[in-house]
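The values are calculated or read from the model by the stated rules, or taken from the named source; none is laboratory data. Keep in mind that what you see is a predicted model, and the values were worked out from it rather than measured. Methodologically, a virtual Cβ is constructed for each residue, glycine included, from the backbone with ideal geometry; neighbour enumeration extends over all protein chains shown. Quick note on the areas: whole protein, heavy atoms, side chains included, nothing else; ligands and nucleic acids left out. Shrake-Rupley method; radii C 1.70, N 1.55, O 1.52, S 1.80 Å.
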Amino acid sequence: MTPIALRAATPGDSEFCYQLHKAAMGGYITAIWGWDEQEQRAFHARAFNPGRWQIITTCQADIGMLDVEYRPGEICISRIEIHPDYQGQGIGTLLISALADEARRKGQDLVLEVLTVNHRAQALYQRLGMNEVAGHGDKNIKVTMRLTHSTA
C-alpha cells in the first residue's frame, strides 16, 4: 500500500485540482453532459475551496483531493478524486474507511453522492458498506450513498 498523507489545499493548488478533476472525472462528465472546457473552468472557479479541501499526497507528489463536510448527524464526503495513475492502490479505501471509523466513533452517518455512470466508485462504496438511498438530478444522474451509524 502506498503511504499517503493529507495537507491543506492552498490557492496555488487550484490548477492542480482542475487538472486532477479533468483526469479523474472527465470521462464521466463527458458521458453525461459532454466536456466544455470553459464551462468546466467556470464550475471549478466557483467550487474550489482551499479553506476546506485537502490534497492527497504520496512520496511528496500530489495525487488527489478530498473535501469533507461535517454536518449535524453526518460526515459528508463532498468530493474525493484520485488521479487515475494512483487509482486501484487502496488509497480511496483507506481514506473512506478512516472517515467511516470517525463517523462510527461519533455515532454519525457517512454520506456521499456519486455519478451513476461511475460504476467503479459505486462498487468501492458498496464494498465499504455504503447503501444507495436516493437518486438525484435530471434522470437520476447522481446517487446518494450512506453508511448508517447514527443511533437516532
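Gln122 - would you say it is touching a strand residue (DSSP E or B) at 6+ places or on another chain (Cβ under 8 Å), polar (S, T, N, Q), crowded, with 19+ Cβ neighbours inside 10 Å and touching a residue at least 12 places away in the same chain (Cβ under 8 Å)?
Taking the combined requirement at face value, the residue does not satisfy it.
Just a yes or no: is a residue in region 14-30 farther than 24 Å from Thr93 by Cβ and touching a residue at least 40 places away in the same chain (Cβ under 8 Å)? No, every residue in region 14-30 fails to be farther than 24 Å from Thr93 by Cβ and touching a residue at least 40 places away in the same chain (Cβ under 8 Å). Filtered by the rule that a residue be open to solvent by 40 Å² or more (accessible area, probe 1.4 Å), hydrophobic (A, V, I, L, M, F, W, C) and without any contact (Cβ under 8 Å) to a residue 40 or more places away in the chain, region 71-101 gives a lone residue, Ala98.
Consider region 1-33. How many of its residues are open to solvent by 30 Å² or more (accessible area, probe 1.4 Å) and closer than 17 Å to Lys142 by Cβ? Number satisfying all stated conditions: 7.
Checking each residue in region 17-73 for being of a type in the set (D, E, K, R) and in a helix (DSSP H, G or I) picks out Lys22, Glu37, Glu39, Arg41, Arg46.
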